[in-house]
Amino acid sequence: MPLRETEAIVLRTYRIGEADKVISLFSRQLGRIRAAATGAQRPKSRFGGLLEPLSYVRLCLFERENRELLRLNSAELLESFFAMQSRDYRVQLAAQYMVEAGERFLPEREVSERAFRLFLTVLRGMQARGEIHLPLLYFDYWMLRLGGFLPPLDRCLACGRSLTGLAARYSTESVGLSCAACQAAPVRQSLAAEIIGLLGRVATTRLDVLLAAEGLARMAQQARPVLEKWMEISAERKFVSLQMLAEE
Ligand SMILES: [Zn+2]
């Protein structure tokens, strides 16, 4: 049984029987995987406290021949994002959304250094500011872009007209922006030019720089539903945590 060492972000854990757990992980070196943690439910387990959702850990895992499930040998906590979730329910829901989206968008066993760094950046951003709108907008934008789902944001998808400086329309049923003249798709909603401008900044600016700028959180709150609708359309499912977040 080859022993593999990897950094990983814990997505979630499932109880198996009386004593064990299965962990869903996004690992840096192996991509998205699942591993069995023997005895993890026991009070004195050596994994106690390390496997909270979104914990950043270093793991040693046994790969087992012809078995999809790896086995956890040892774990070391590198960074915990648990306290921020227990302090603030909205942060907890935002973190749950990252888990839901991650399990849907990240292909199993596909290594993505950029997606891994994105998770850490967004978690650290939320931790530093206790603010969810900009970090989640940043997450949505890059998850869509890295997954190949992000439409062009600078021109009308129907007629190709430049949207620079203009308000745009978007549909709740399809991905992409259109100009005010193109009314083809149903349920068009308006999107202010400043919101499109913000998406342009998200594309080119580090999250910590965005978080330090004044007044962007409010705009991010308006922009999030658009990208999150596109996330749901691209994932072909609704995210429960987003629904709960909208009700908060
Ligand atoms: Zn158009």
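For segment 183-193, state whether one or more residues are more than 16 Å from the ligand (Cβ to nearest atom) and closer than 24 Å to ARG117 by Cα.
Taking every residue of segment 183-193 in turn, none turns out to be more than 16 Å from the ligand (Cβ to nearest atom) and closer than 24 Å to ARG117 by Cα.
Yes or no, residue by residue, for (1) farther than 19 Å from LYS21 by Cα; (2) touching an Asp or Glu at 6+ places or on another chain (Cβ under 8 Å):
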residue: ASN66; (1), (2): yes, no
residue: VAL99; (1), (2): no, no
residue: PHE105; (1), (2): yes, no
residue: GLU113; (1), (2): yes, no
residue: GLY125; (1), (2): yes, yes
residue: GLU131; (1), (2): yes, no
residue: PRO135; (1), (2): yes, no
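So, GLY17, is that one in contact with a helix residue (DSSP H, G or I) (Cβ under 9 Å, 6 or more places away or on another chain), farther than 23 Å from PRO135 by Cβ, surrounded by fewer than 19 Cβ atoms within 10 Å (Cβ to Cβ) and not assigned by TED's automatic domain parsing to the domain that holds LEU134 or not?
Judged against the criteria, GLY17 is not a match.
Take segment 209-248 and flag every residue that is surrounded by 13 or more Cβ atoms within 10 Å (Cβ to Cβ) and of a type in the set (Asp, Glu).
If the condition is that a residue be surrounded by 13 or more Cβ atoms within 10 Å (Cβ to Cβ) and of a type in the set (Asp, Glu), then GLU228, GLU232 are the ones that fit.
Limited to segment 139-175, what total is found for residues that are within 11 Å of the ligand (Cβ to nearest atom), crowded, with 19+ Cβ neighbours inside 10 Å and modelled with pLDDT of 90 or more?
1
Run down ALA128, ALA203, ALA212, ALA220 and say which single residue is within 19 Å of LEU242 (Cβ to Cβ), away from the ligand (no atom under 16 Å from the Cβ) and over 15 Å from the mean Cα position of the chain (by Cα).
Of the residues listed, the single one that is within 19 Å of LEU242 (Cβ to Cβ), away from the ligand (no atom under 16 Å from the Cβ) and over 15 Å from the mean Cα position of the chain (by Cα) is ALA220.
Mind checking which residues of segment 117-131 are crowded, with 17+ Cβ neighbours inside 10 Å and over 16 Å from ALA212 (Cβ atoms)?
Once the filter is applied, which keeps residues that are crowded, with 17+ Cβ neighbours inside 10 Å and over 16 Å from ALA212 (Cβ atoms), segment 117-131 yields LEU118, PHE119, LEU120, LEU123.
From (1) assigned by TED's automatic domain parsing to the domain that holds VAL240; (2) touching a helix residue (DSSP H, G or I) at 6+ places or on another chain (Cβ under 6 Å), pick out the condition that doesn't hold for PHE26.
Of everything listed in (1) assigned by TED's automatic domain parsing to the domain that holds VAL240; (2) touching a helix residue (DSSP H, G or I) at 6+ places or on another chain (Cβ under 6 Å), PHE26 misses just condition (1).
From ARG114, ARG42, ARG46, ARG67, which residue is free of Cβ contacts under 8 Å to residues at least 60 places away in the same chain, surrounded by fewer than 19 Cβ atoms within 10 Å (Cβ to Cβ) and closer than 27 Å to ILE132 by Cβ?
ARG114
The values are calculated or read from the model by the stated rules, or taken from the named source; none is laboratory data. Note that the coordinates shown come from a computational prediction; the quantities given were computed from them, not determined experimentally. Positions of Cβ are generated from backbone atoms using ideal geometry, with glycine treated the same way; all protein chains shown enter the neighbour counts.
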